[in-house]
Structures are given as structure tokens and as C-alpha cells.
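Peer 1: Mind looking over this structure? Questions follow.
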Amino acid sequence: MPVIAIVNRKGGSGKSTLAAHIAAWCARQGNAVMLGDVDRQQSSRTWLRRRDPALPAIAPWALDQKNTLRVPTGITHVVLDTPGGLHGFELARVVMFADAILMPVCHSVFDRESAAACHAELMALPRVASGRCRLATVGMRIDGRTHAAETLRQWSEGLKLPFLGALRETQMYVRCLERGLTIFDLSPSQAATDLAQWQPLIEWMTPLLNPVQAANDPTPTTRAVTPPTRLGSSRPESLMPAQESLIHGGRLSAYAATTRPASVPVQPLHKPSLPRAVNPGEVTQIPQFLKRGA
Ligand SMILES: Nc1ncnc2c1ncn2[C@@H]1O[C@H](COP(=O)(O)OP(=O)(O)O)[C@@H](O)[C@H]1O
Ligand SMILES: [Mg+2]
């Protein structure tokens, strides 16, 4: 199960905006996506509540009977929105689950310095240093009339970090988010300029989010009756609570892929089942599995 996390220590750098857009793009590709806040502010959840149910579905965390936040059954792709100031053990926990980390960076020198410090911390983690968790930057809220994008490109390449281009500063993003939309939900003519700016990001994400399946992996239509049985299979249908997976020393997807009984049906890809919606008042903590000592 591909997991992509959006990380930057700086608040206001565009993490929630980027996370919502990636989740929406992924949903439009026909994937069963969960957009999960690791952020106490729950910005992504607020956005999800505004989203028209007729649009491609994006699931939030689900709460099980033990009030543990879980990835809902049927989900195949996870996007994690993270809070500003994420570092240390909490950052390492996110990295443990992420296949890729995208870092939105605004153009000021302070933004770059903060992002460089975050990059240095990430590179100290074996999963990132070894390339098992890929890392790239995206310029956010960039004024196309300035050299900001080029400055960011050079900065990023100086750190040997892939730079996936710059998204311009426009009220389109603000207005879309207010309505539970993304630019991917607009007509191509309305959003042509911005959609074009997303192309390099999409090209970078596509192989990550659509890993090549082995010949004997079940296809989406057969998954309901033939669950994956191999460790590391790329598309498990459900996840065990992460803390269990941590105890067992494996990543969630691998663990879950081996534990769901064959008789348990999965939900259709486009409409992930949500065991129980999480009410806003219930979300007083970040997911247990991402917390120290969970
Ligand atoms: N490309 C953009 N153009 C204009 N405003 C943007 C853009 N991206 C983000 N914003 C706005 O910037 C603010 C911070 O973005 P947000 O995604 O909430 O950042 P973070 O999650 O890192 O705190 C929000 O008000 C958002 O609407
Ligand atoms: Mg945010």
C-alpha cells in the first residue's frame, strides 16, 4: 500500500493544500484513498467534510471499537498530512510508514533554511538515506514573475533533492479548498495553468502510487475473493493497527496483507467503507500508532 506523507516543519508552507490535492488526484485515478491528518488541527478532515460526496471518494481515518484510528477497510492508497514542527521521534514514525515524502517549500530564505534542517534530519533516518522512502521538494505559492522558482530549484538540487516544480500563488487553491474541492475537480479549461504545473509532480508520483504488480497479484476486480497472501504485496485491503505492526517490526501493509482471512470481503475500490465516521470532537489526539510509546 503506497503511503505518501507531506512534511515540512514550517506551518503555512502548503502541506494541507498539497495533501488534499494528491489525495484528490489519486482518487481520480480510481484508487481507494485515505487522507489522514497526523495534525491535531485536523485541517484535512475539515476539508474532507466540505467535499461533495458525488466527487471521487476520499476517506478519513476510521475509529474502531477501541477508539483507535485506523485506515478503513478497502483503502489502497494513503496520504498523510502532517503538522508543522514535526521532528524527532514523531517524524521518524511517519517515515517508518512512508514510501515517499513530499516537502512543500515557499521561497523565502527562512523557508529554505527551515526545509534544509528538516531535510538533514530526514537524511539521518536509514529509510530515507537508503532511498526506501523517497524525498522530493515542491515550490509552493510561487510568484511566476520572480526568480523564486529558479532559486528554489538550485537550492533543492544543491541538496541533491529532486525539485518537482513550482505551484503558483493563486486564489484558485484557496477558493477550491474552501469548497472541499481541488483544482483536479475543476474543468481542465478552468485550471489549465495549474494542471500544467502539476505534471512533473504527477510524473514523479505515478510509479510510486501505482507500483507494478507481480503477475500473480490479484487484480482489483478479483481482490474481493482472492486476497493477497505474500508479504510485501503492494495492495493489501486493510491495515492492522500500526502499533501492532510496530511491535512485530514490520510495516503496516506487509503485516495486514498476511492477516486478513480469505473469507473477509473487501469493499469496492471507489467507495471505501468507513466503519464509523470520526466525529470532530472525538479527534483529540494524533493517531495512536504515530505516537511515541503507542
Ligand atoms: N498555491 C497557493 N496559492 C495561494 N494560496 C495558497 C497556495 N497554497 C496554499 N495556500 C494557502 O496558504 C495557507 C497555508 O496553506 P496550508 O496548506 O494550510 O499550509 P500548512 O498545512 O503547511 O500549514 C492556506 O490559507 C492556503 O489556502
Ligand atoms: Mg496543515
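Peer 1: Any chance you could count how many residues in region 168-197 are closer than 18 Å to Met140 by Cα, crowded, with 17+ Cβ neighbours inside 10 Å and either among the small types (Gly, Ala, Ser) or within 16 Å of ligand 2 (Cβ to nearest atom) (or both)?
Peer 2: Residues that pass the stated criteria total 5.
Peer 1: Among the numbered criteria (1) under 29 Å from Ser130 (Cβ atoms); (2) assigned to a loop (DSSP other than H, G, I, E, B); (3) in contact with a Lys or Arg (Cβ under 7 Å, 6 or more places away or on another chain); (4) not polar (S, T, N, Q), which one does Gly180 miss?
Peer 2: Answer for Gly180: the failing condition is (1).
Peer 1: Taking Leu18 as the residue in question, decide whether it is in contact with a strand residue (DSSP E or B) (Cβ under 7 Å, 6 or more places away or on another chain), within 12 Å of ligand 1 (Cβ to nearest atom) and outside any loop (DSSP other than H, G, I, E, B).
Peer 2: yes
Peer 1: For region 183-197: of the residues being within 16 Å of ligand 1 (Cβ to nearest atom) and part of a loop (DSSP other than H, G, I, E, B), which is nearest to His107 (Cα to Cα)?
Peer 2: Ala191
Peer 1: Given Arg50, Arg28, which one is more than 13 Å from ligand 2 (Cβ to nearest atom), modelled with pLDDT of 95 or more, among the charged types (D, E, K, R) and within 15 Å of the chain's Cα centre (by Cα)?
Peer 2: Arg28
Peer 1: Keeping to region 152-167, report how many residues are touching a Gly at 6+ places or on another chain (Cβ under 9 Å), outside any helix (DSSP H, G or I) and away from ligand 2 (no atom under 16 Å from the Cβ).
Peer 2: Summing the residues that are touching a Gly at 6+ places or on another chain (Cβ under 9 Å), outside any helix (DSSP H, G or I) and away from ligand 2 (no atom under 16 Å from the Cβ) in region 152-167 gives 4.
Peer 1: Here are Phe89, Phe97, Phe110: which of them is modelled with pLDDT of 90 or more, among the aromatic types (Phe, Trp, Tyr) and touching a helix residue (DSSP H, G or I) at 6+ places or on another chain (Cβ under 7 Å)?
Peer 2: Phe97
The values are calculated or read from the model by the stated rules, or taken from the named source; none is laboratory data. Note that this is a predicted model, so its numbers are computed, not measured. Here Cβ is always computed from backbone atoms with ideal geometry, including for glycine, and neighbour counts include all displayed protein chains.
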